[in-house]
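The values are calculated or read from the model by the stated rules, or taken from the named source; none is laboratory data. In this text the structure is predicted, and so the values were computed from the model without any measurement. For neighbour counting, all protein chains shown are included, and Cβ atoms are generated from backbone atoms with ideal geometry for every residue, glycine included.
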């Protein structure tokens, strides 16, 4: 039993280490976890199986599992299951047991088809191993082998390989309904009898629900390293410089010519303006450290110009996600930058107007990645 839990601990630790070392992936150890509850029926193939009716051999079973997908194609599940197993020797009797299984899950739909977020139906293959414990029953008398006497059924412990298939029907982003069939190859003494078979086999048919915790799904990996982000900022700053030069040139040309020395024309000071933007990673509304300078600049501008107001326009790129999902993502991005302005820098929320465009408008048509953005403009 201790060996089994050691195997489980090493397995899940290796998952976390593998993901932590994969810099190209934007999901981590705590992403794509799920919990699963199932209930159903079991049929046991064992000694004297043919002497009992099919209905008498059916017994209830249930399972509760927790697991994680490390990629669109593969994951793992730790499951506690069991209840009773229907058996026969001169009369029907039940074996009470529990099993703890470690299963590898393979999403056959994603393996043989391309990955699609939000797919309604997924088909899984299951390969696992379990630790099985049965409880003894002094009231049940069984033979321990051919030509032996009858003995009270004793408790047993053993390992059991497992094979199975599962279908999963998506209800929404968090919930799905599943149907699973699996076969477990128990030790021969699982039902208390040792007679003519190398294994007792339990077959289970279960139905249940799966809940996937937040940070679910596998968006395509796009690497935005600091150097790449800096190059985008340099391009933006270069464009700003060109705009300022153009404005200065136009203002100089528009200055009035004073024809009379005594006539004094007061120059109306230009209204201060600000234009900044925060770029986001794909499918994210978290502000990266190298983007915080833009929010700081806006906050300083608003403190120095107490009458100024700003508009925050947030978008998502059109090539990723559905319009409905992108609309919600743009709302989360706006909320993230507003939170920093108000909570960290004390800017009054009444001075901020928010526009969430989803993917309806793409401010940078030629650069898809730049449209994952919140843009600040002053009024």
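Run down 41, 37 and say which single residue is more than 21 Å from residue 201 (Cβ to Cβ) and at pLDDT 95 or above.
37
Within this structure, residue 66 passes the test of being touching a residue at least 24 places away in the same chain (Cβ under 8 Å) and in contact with a strand residue (DSSP E or B) (Cβ under 7 Å, 6 or more places away or on another chain).
Going by the conditions given, is residue 92 in contact with a helix residue (DSSP H, G or I) (Cβ under 9 Å, 6 or more places away or on another chain) and surrounded by fewer than 15 Cβ atoms within 10 Å (Cβ to Cβ)? So residue 92 passes the test.
Taking the conditions exactly as written (touching a residue at least 60 places away in the same chain (Cβ under 8 Å) and not in a strand (DSSP E or B)), does residue 71 satisfy them or not? So residue 71 passes the test.
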